[in-house]
1. State whether one or more residues within the range 115-128 are of a type in the set (D, E, K, R), closer than 23 Å to Pro2 by Cα and out of contact with any Lys or Arg (no Cβ under 7 Å at 6 or more places or on another chain).
2. For the range 121-142, enumerate the residues that are among the aliphatic types (A, V, I, L, M) and either modelled with pLDDT of 95 or more or loosely packed, with under 15 Cβ neighbours inside 10 Å (or both).
3. Select from the range 110-135 the residues that are away from the ligand (no atom under 16 Å from the Cβ), over 14 Å from the mean Cα position of the chain (by Cα) and in contact (Cβ under 8 Å) with a residue 24 or more places away in the chain and list them in ascending order.
4. So, of the residues in the range 26-67 that are of a type in the set (Lys, Arg) and within 12 Å of the ligand (Cβ to nearest atom), which turns out to be modelled with the highest pLDDT?
5. Test Glu152 against the criterion of being out of contact with any helix residue (DSSP H, G or I) (no Cβ under 9 Å at 6 or more places or on another chain) and either hydroxyl-bearing (Ser, Thr, Tyr) or within 25 Å of Arg49 (Cα to Cα) (or both), and give yes or no.
6. Among the candidates Leu95, Leu88, Leu154, Leu161, single out the residue that is within 16 Å of the ligand (Cβ to nearest atom), open to solvent by 20 Å² or more (accessible area, probe 1.4 Å) and touching a residue at least 12 places away in the same chain (Cβ under 8 Å).
7. Can you tell me how many residues within the range 136-151 are on the phi < 0 side of the Ramachandran plot and within 12 Å of the ligand (Cβ to nearest atom)?
Amino acid sequence: LPSVAIVGRQNVGKSTLLNRLTGKRTAITEDLPGTTRDRLHVPMNHAGRDFILVDTGGMENLPQEAIARSVNDQVRAAMKEAAVIVFLVDAQSGLAPLDHEIADEIRRAGKPVVVAVNKADNPRLALHGAEFHALGFGEPMPISAYHGRGVEDLLDRIFELLPEPEAAVV
Ligand code: GDP
């Protein structure tokens, strides 16, 4: 099955989004920085398509200097496997240096990507819109993983970016 990797720096809301998307408490939302969390694989179905949602929790576990240097191997591996990358950023804090490093890795991976701008709780406030747009990954999608806003649209976009299912062998 194709996999969809949710990539983003710590605290942008990856766990919250995963919980929201799966409708269950499958991921552990954890406010403490540096908390160890396994990468999670959750089977999903949207509009009749099956895919695996991959939460890349790996960046939290790196020492500070390694975070500053690059995205870790686990995240890179997940991106390499992924059919679609969801790049989660934070509407309230805007882009941090690590976001730009992640963006570089995503460009290198060369996969279809959707930028999901999380914590866009208030639809009237489009915060940091220009810089998210300037990443060059197409139209950023405002979402609120917390309140559920935009999450259905995000699933629709993921669906559009998934590869065509292989024709059944006869
Ligand atoms: P992760 O480290 O990327 O997995 O981020 P978490 O899912 O643990 O979320 C980090 C923090 O952001 C938590 O305090 C969440 O409650 C908060 N958060 C997540 N999504 C939203 C959102 O849509 N709006 C707001 N205001 N806060 C959010």
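The values are calculated or read from the model by the stated rules, or taken from the named source; none is laboratory data. Every value quoted in this text rests on a predicted model; they were computed, and no experiment measured them. So basically every Cβ, Gly included, is an ideal-geometry build from the backbone, and we count neighbours across all protein chains shown. All accessible areas refer to the heavy atoms of the entire protein, side chains included, with ligands and DNA or RNA removed. Shrake-Rupley method; radii C 1.70, N 1.55, O 1.52, S 1.80 Å.
1. no
2. Selection gives Leu125, Ala126, Ala130, Ala134, Leu135, Met141.
3. Glu131, Leu135
4. That would be Arg39.
5. It is true that Glu152 is out of contact with any helix residue (DSSP H, G or I) (no Cβ under 9 Å at 6 or more places or on another chain) and either hydroxyl-bearing (Ser, Thr, Tyr) or within 25 Å of Arg49 (Cα to Cα) (or both).
6. Just one listed residue meets the conditions, Leu95.
7. Total satisfying the criteria: 8.
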